[in-house]
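Each remark here refers to the structure printed beneath this line.
The values are calculated or read from the model by the stated rules, or taken from the named source; none is laboratory data. Please read all numbers here as calculations on a predicted model, not as lab measurements. Please note: Cβ atoms are built from the backbone with ideal geometry, for glycine as well, and neighbour counts cover all protein chains shown.
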Amino acid sequence: QWIYLDHAFVRKEEAVVSVYDHGFLYGDGVFEGIRVYSGNIFKLDEHLKRLYQSAQSIMLEIPYTKEELQQIIIETIRKNELDTAYIRLVVSRGQGNLGLDPASCARPRLVVIAEALSLFPKELYQRGLSLGSVATRRNRPDVLSPQVKSLNYLNNILVKLEANQAGVDEALMLNDQGYVTEGSADNIFIVKNKKIVTPPVYLGALEGITRNAIIDLARTLNYEVVEAPFTRHDVYVADEVFLTGTAVEVIAAVQVDGRKIGEGIPGDVTNHLLAAFREIVTRDGVP
Ligand code: PLP
């Protein structure tokens with residue numbers, strides 16, 4: 001396996017970075033996770049746009065143009081002879097001294113990893129997930145914007161740890177007012193009387209690329225989709241609940257804080273959207 005590191009392809013075993021890299025020392029950097037379906041890089045433009053916006057927000061200048069980065073991604077996939085893959089793009093602040101001031105870092109570091117995709121087990125999609133709401137709140141957008149996909153994911157990690165402790169598959173994260181925001185690394189949707197609702201991102205959710213793709217897809221399938229705030233109660237009484245994300249795609253949640261959702265199995269709307277999503281992923285991308 002070949003990894004793109006700074007300016008060259010190196011073997012996985014040799015792909016190491018300095019302990020003085022501020023990505024390691026402070027979580028100073030940004031990242032993206034991208035999927036490749038049968039040679040199609042799904043929503044590559046959107047992922048690159050988000051990466052550059054994350055970088056812009058934290059004053060990190062990516063030393064490549066979008067076109068160069070796109071080319072590097074394509075080459076990484078080719079070099080690893082992959083057809084269906086998961087790509088992890090990381091841009092760290094780079095190597096500096098022990099102080100946290102990014103001024104000591106001469107140049108950001110780019111890492112591109114492309115791996116054969118390890119799919120989530122089929123049973124999980126047939127059975128559906130259990131969710132549990134956690135005490136850790138989504139960081140306030142005015143403190144650190146959830147739109148910045150930074151290497152500092154401690155908020156989400158704490159949420160995941162809580163979910164693990166509670167013995168549920170995934171966490172339900174609220175904001176400081178108690179409104180539902182998202183999971184630890186996925187967006188949430190509820191379905192009530194065929195109407196699909198997802199939280200507006202200003203409540204404190206990452207504007208997921210899969211989320212946006214599902215909103216578009218659902219609308220083309222003539223579902224009503226709205227972005228509106230909701231609470232845990234609304235989730236408990238929903239007909240269906242599902243999560244979206246680059247890793248999970250579209251997956252049902254059938255139990256939330258011990259309450260059975262609907263019939264306790266993935267619902268029709270969720271199944272419909274998952275099937276439709278799997279159809280578009282090979283089309284809607286960069287070949
Ligand atoms: N929310 C968070 C916090 C995430 O890290 C992710 C993963 O990227 C998502 C939601 C889902 O976003 P996307 O669909 O762009 O993968």
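Could you name every one of the strands (runs of 3 or more DSSP E) located completely within the range 1-74 that has at least 1 residues being more than 18 Å from ALA114 (Cβ to Cβ) and at pLDDT 95 or above? Even if it seems obvious, please write down each step before you answer.
Numbers: elements: 2-5, 8-11, 29-37, 40-42.
Correct list: 29-37.
Which residues, taken from the range 168-188, are more than 12 Å from the ligand (Cβ to nearest atom) and not β-branched (Val, Ile, Thr)? Full working, then the answer.
Our first condition is that a residue be more than 12 Å from the ligand (Cβ to nearest atom); within the range 168-188, this holds for 168-169, 172, 174-180.
Matches in the range 168-188: ASP169, LEU172, LEU174, ASN175, ASP176, GLN177, GLY178, TYR179.
Every condition in (1) within 12 Å of the ligand (Cβ to nearest atom); (2) surrounded by 15 or more Cβ atoms within 10 Å (Cβ to Cβ) holds for ILE157 except the one numbered (2). Please work out if GLU170 is surrounded by 20 or more Cβ atoms within 10 Å (Cβ to Cβ), acidic (Asp, Glu) and touching a helix residue (DSSP H, G or I) at 6+ places or on another chain (Cβ under 8 Å). Judged against the criteria, GLU170 is a match. Checked against the criterion of being of a type in the set (Lys, Arg), on the phi < 0 side of the Ramachandran plot and out of contact with any strand residue (DSSP E or B) (no Cβ under 9 Å at 6 or more places or on another chain), the candidates LYS12, LYS66 yield just one match: LYS66. Selection over the range 197-215 of residues that are in a strand (DSSP E or B) and away from the ligand (no atom under 13 Å from the Cβ) gives a count of 1. Against the test of being in a strand (DSSP E or B), of a type in the set (Gly, Ala, Ser), closer than 28 Å to GLN177 by Cβ and away from the ligand (no atom under 12 Å from the Cβ), the options ALA218, ALA253, ALA238 yield a single qualifying residue, ALA253. Contact annotation: residue pairs with Cβ atoms under 7 Å, 6 or more positions apart or on different chains, pairing a residue in the range 255-267 that is in the same structural domain as VAL237 (by TED's automatic domain parsing) and surrounded by 14 or more Cβ atoms within 10 Å (Cβ to Cβ) with a partner that is of a type in the set (A, V, I, L, M, F, W, C) and assigned to a loop (DSSP other than H, G, I, E, B), are GLN255/ILE261; ILE261/ALA238. State the number of residues belonging to the range 122-138 that are surrounded by fewer than 18 Cβ atoms within 10 Å (Cβ to Cβ) and of a type outside the set (Gly, Ala, Ser). Number satisfying all stated conditions: 6.
Scanning the range 93-123 for residues that are within 20 Å of the chain's Cα centre (by Cα) and of a type in the set (Gly, Ala, Ser), we see that the one that is nearest to ILE3 (Cα to Cα) is ALA114. Looking only at the range 139-176, count every residue that is farther than 29 Å from GLY94 by Cβ and assigned to a loop (DSSP other than H, G, I, E, B) and tell me the total. Residues flagged as farther than 29 Å from GLY94 by Cβ and assigned to a loop (DSSP other than H, G, I, E, B) within the range 139-176 amount to 5. Each residue in the range 44-73 was checked for being more than 16 Å from the ligand (Cβ to nearest atom) and charged (D, E, K, R), and 4 pass. Being more than 20 Å from VAL30 (Cβ to Cβ), in contact with a helix residue (DSSP H, G or I) (Cβ under 9 Å, 6 or more places away or on another chain), charged (D, E, K, R) and outside the structural domain of ARG109 (by TED's automatic domain parsing) is a description that applies to ARG137.
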